[in-house]
1. Can you list, largest first and rounded to whole Å, the semi-axes you get for the stretch 116-174 by taking the square root of 5 times each eigenvalue of its Cα gyration tensor?
2. Count charges around D119 for me, please; just the other residues with Cβ under 10 Å from its Cβ, Lys/Arg as +1, Asp/Glu as -1.
3. Full extension from D22 to D160: what is 0.36 nm times the residue separation minus their Cα-Cα distance, to one decimal in nm?
4. Report the Cα centroid-to-centroid distance between the stretch 124-167 and the stretch 1-64 in angstrom, as an integer.
Amino acid sequence: MPENTVGERIKQLRDNQNITVDELAERSGVNAELINKIEEGDIIPSLTPLIKISRTLGVRLGTLLDDRVQDEPVIVRKGKTERVIHFSGYEEKTDTSNLSFHSLGAGKGDRHMEPFIIDVELHTDDFKLSSHEGEEFIYVLEGEIEVIYGQDRYILSEGDSIYYDSVVPHHLHAAGEENARILAVVYTPF
């Protein structure tokens, strides 16, 4: 990501509310070292810490991810997603990016859902389940993914979908021998 808009927005919101990094860490449950790395632009972690930070700051997740806000409908033409955000897919791992999020709702100011096309790279054994308030809907466009949901594992192929409560610890990654592509809609209550 060429610019650190996510980190800049978090720092600006935190400063506007006179909240220190340590206070944000304590209130959100996200460690201070990770918050510092996000603000400095060193990493963008998985969605879970960003959701926790946005809720603590009293803003929706999209406030951290968007460049501009508009009231009219948002249209994204095939192959024309302007913003791609690379997430590590790991709550605290800082040196890898295995998820590329193509936002389909960027700019819609009053949205309650976050729709994305996500390119999912092959999985490594080094992952941690994460959870946050809300719901997620996943539809597999290409390839196969493995979804770990609590104690259960599901393999989903092209055309399959899953809808779950994201408060249950979960993780998803590409399965098989190729990367995958999914449509994901994330809802987080404000």
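1. Details: eigenvalues 59, 40, 21 Å².
Semi-axes, largest first: 17, 14, 10 Å.
2. On the way: positive: R181; negative: E121, E142.
With Lys, Arg at +1 and Asp, Glu at -1, the neighbours total -1.
3. Values: separation 138, 0.36 × 138 = 49.68 nm, distance 4.19 nm.
Between D22 and D160, full extension yields an extra 45.5 nm.
4. Taking the Cα centre of the stretch 1-64 as reference, the centre of the stretch 124-167 is 24 Å away.
Throughout, read-outs are computed from the coordinates displayed, never taken from laboratory work. Values in this document were obtained by computation on a predicted structure and should not be read as measured data. As a convention, Cβ positions derive from the backbone with ideal geometry for all residues, glycine included, and neighbour counts pool all protein chains shown.
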